[in-house]
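J.: Attaching a single structure in structure tokens format; questions to follow.
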Amino acid sequence: MRKIILFLCSVVLFFACKNETKNVSAKNSTNQERSQAEKIIDSVIKKAGGETYETASIDFDFRDKHYQSKRRCGQFSFTRTFKDSTGKQIKDVLSNEGFTRYVNQEKQNLPDSLATSYSNSVNSVHYFMQLPFGLNDTAVNKELLGETTIENKPYYEIKVWFDAEGGGEDHEDEYIYWVNKNNYYIDYFAYSYEVNGGGMRFRKAYNPRVIKGLRFVDYKNYAPKEAEEANLENLEQLYQNDKLKLFSAIENKNIEVSLAPTDCG
């Protein structure tokens with residue numbers, strides 16, 4: 001995340017009183033936009049399944065690995081299982097207790113750097129698979145940037161960023177979500193990331209399906225053809241001008257959902 005610090009000359013103090021009312025008005029306007037963004041995301045999450053996520057167990061396959069998420073009364077467990085190149089059975093578990101890797105059912109002692117890398121990888125797959133759930137977490141900030149039209153459909157354009165505290169290792173990542181004004185589904189989103197040298201992606205949702213009240217989609221994952229002319233805010237325009245290239249397909253297969261009782265008392 002690029003942080004811009006503005007250094008002001010002392011002469012600006014001369015205009016402080018004059019601009020005070022204008023600044024307060026601008027702040028109130030921003031607060032109103034954020035409030036509207038919250039309401040829009042509330043509707044988005046509700047349309048996708050809402051509170052059903054809170055007690056759902058979800059199994060799915062992504063590429064050559066099997067994933068399972070479990071949530072129950074504030075507790076969660078995200079797992080990833082696969083065989084490595086030597087045929088060993090690997091099981092990664094990320095939960096309220098932290099991260100653990102098992103090799104052939106034996107718990108491994110990992111250096112912190114490796115545990116963090118594996119943990120981020122597991123969390124990332126589960127996070128994207130279950131969007132928009134999670135967009136109302138306490139560390140999430142939202143702002144309504146405006147409205148636009150993509151492929152002749154009207155959209156709200158909402159920017160999302162994260163607090164450092166509670167925002168995870170990738171808290172500097174930034175997102176823009178395009179919410180269809182007609183049905184409150186997220187049809188597109190873009191994000192910038194800092195890890196592995198940084199970059200940007202633009203995703204288009206397809207293949208929607210609803211399983212036991214939860215809505216899932218796959219994504220066409222695009223990257224800029226010319227990185228130097230791209231920024232997070234103009235990725236939508238680059239997409240509409242055919243200046244993005246298809247980078248990969250994000251396909252979640254064999255999805256199964258089971259629901260636990262909702263009573264957590």
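J.: Grab the alpha carbons of the range 77-206, take their convex hull, and tell me the volume per residue in Å³.
T.: Working: hull volume 18.8 nm³, N = 130.
Residue-normalised Cα hull volume stands at 145 Å³.
J.: Near the amide H of A139, under 5 Å away, which other amide H atoms are found, from residues 5 or more places off or on another chain, if H is placed in the peptide plane?
T.: Answer set, sorted by chain and number: none.
J.: Report, ordered by chain and residue number, the lysines lying within cross-link reach of K46, taken as a straight Cα distance under 26 Å and ignoring same-chain residues fewer than 8 apart.
T.: Once the sequence-local lysines are set aside, what remains near K46 is K70, K142, K153, K159, K181, K204, K212, K220, K253.
J.: Using R₀ = 35 Å, calculate the FRET efficiency as 1/(1 + (r/R₀)^6) where r is the Cβ-Cβ separation of F247 and R72; round to 0.05. Could the numbers behind the result be given before it?
T.: Working: r = 36 Å, r/R0 = 1.02.
For R0 = 35 Å, the calculated efficiency reads 0.50.
J.: Further, regarding this structure: What is the spin-label model distance, in nm, from T148 to L114 if the labels are put 7 Å beyond Cα along the C-beta direction?
T.: Output for this residue pair reads 4.2 nm.
J.: Here's something else I'd like to know. Per residue, how much accessible area does the range 40-259 have with a 1.4 Å probe, in Å²?
T.: Computed with neighbouring chains in place, this is 51 Å² per residue.
J.: Something else: Rounded, prolate or oblate: which fits the range 68-117 when a ≥ b ≥ c are the square roots of the eigenvalues of the alpha-carbon gyration tensor, with rounded for a/c under 1.5 and prolate only if a/b beats b/c? If you can, show how the numbers build up before the last one.
T.: Numbers: a/c = 2.52, a/b = 1.51, b/c = 1.68.
The shape class here is oblate.
J.: Taking H as built 1.01 Å from N, whose amide H comes closer than 5 Å to the amide H of Y188, not counting residues under 5 places away?
T.: For Y188, the qualifying residues are W178, A205.
J.: Next question, about the same structure. To the nearest µm²/s, what D does Stokes-Einstein give for the range 100-139 at 37 °C and 0.692 mPa s, using the Kirkwood radius over alpha carbon pairs as Rh? Each step should come with its number before you reach the end.
T.: Working: Rh = 11.9 Å.
Here the translational diffusion coefficient equals 275 µm²/s.
J.: Still on this structure: Peptides 50-63, 237-250: what's the order by average Cβ count within 10 Å, highest mean first?
T.: 50-63, 237-250
J.: Using θ = phi - 60° and the Karplus form 6.51 cos²θ - 1.76 cosθ + 1.60, what ³J(HN,Hα) does each residue of the range 246-258 get, whole Hz, x for Gly and Pro?
T.: 5, 8, 6, 10, 9, 10, 9, 10, 6, 6, 10, 10, 10
J.: Lys/Arg Cβ at +1, Asp/Glu Cβ at -1, dipole of the range 40-259 taken about the Cα centre: which of A115, S69, G146 is farthest positive-ward?
T.: Among A115, S69, G146, the one farthest towards the positive end of the dipole of the range 40-259 is S69.
J.: Can I ask one more? Tell me, rounded to the nearest percent, the portion of alpha carbon pairs in the range 171-265 spaced more than 16 Å apart.
T.: Values: 2811 of 4465 pairs.
Summing the P(r) tail past 16 Å for the range 171-265 gives 63 percent.
J.: By a straight-distance test (C-alpha under 20 Å), which lysines pair with K88 as possible cross-link partners, with residues fewer than eight away in the same chain excluded?
T.: Within the straight-line cut-off, K88 pairs with K65, K107.
J.: When N is the residue count of the range 195-248, what does its C-alpha Rg come to as a fraction of 2.2 N^0.38 Å?
T.: Numbers: Rg = 13.6 Å, N = 54, 2.2 N^0.38 = 10.0 Å.
After normalising by residue count via 2.2 N^0.38 Å, the value is 1.36.
J.: Would you mind getting me the FRET efficiency between N234 and S43? Use the beta-carbon distance for r and R0 = 22 Å, nearest 0.05.
T.: Values: r = 27 Å, r/R0 = 1.21.
The formula returns an efficiency of 0.25 here.
J.: If you don't mind, another one. Direction-averaged shadow area of the convex hull around the Cα atoms of the range 40-259, nm²?
T.: Details: hull surface 51.7 nm².
Orientation-averaged projected area of the Cα hull: 12.9 nm².
The values are calculated or read from the model by the stated rules, or taken from the named source; none is laboratory data. Being a predicted model, the structure only gives us computed values, none of them experimental. Virtual Cβ from ideal backbone geometry, glycine too; neighbours counted across all protein chains shown. We work out accessible area using only protein heavy atoms, side chains counted, and drop any ligands, DNA or RNA first. Shrake-Rupley method; radii C 1.70, N 1.55, O 1.52, S 1.80 Å.
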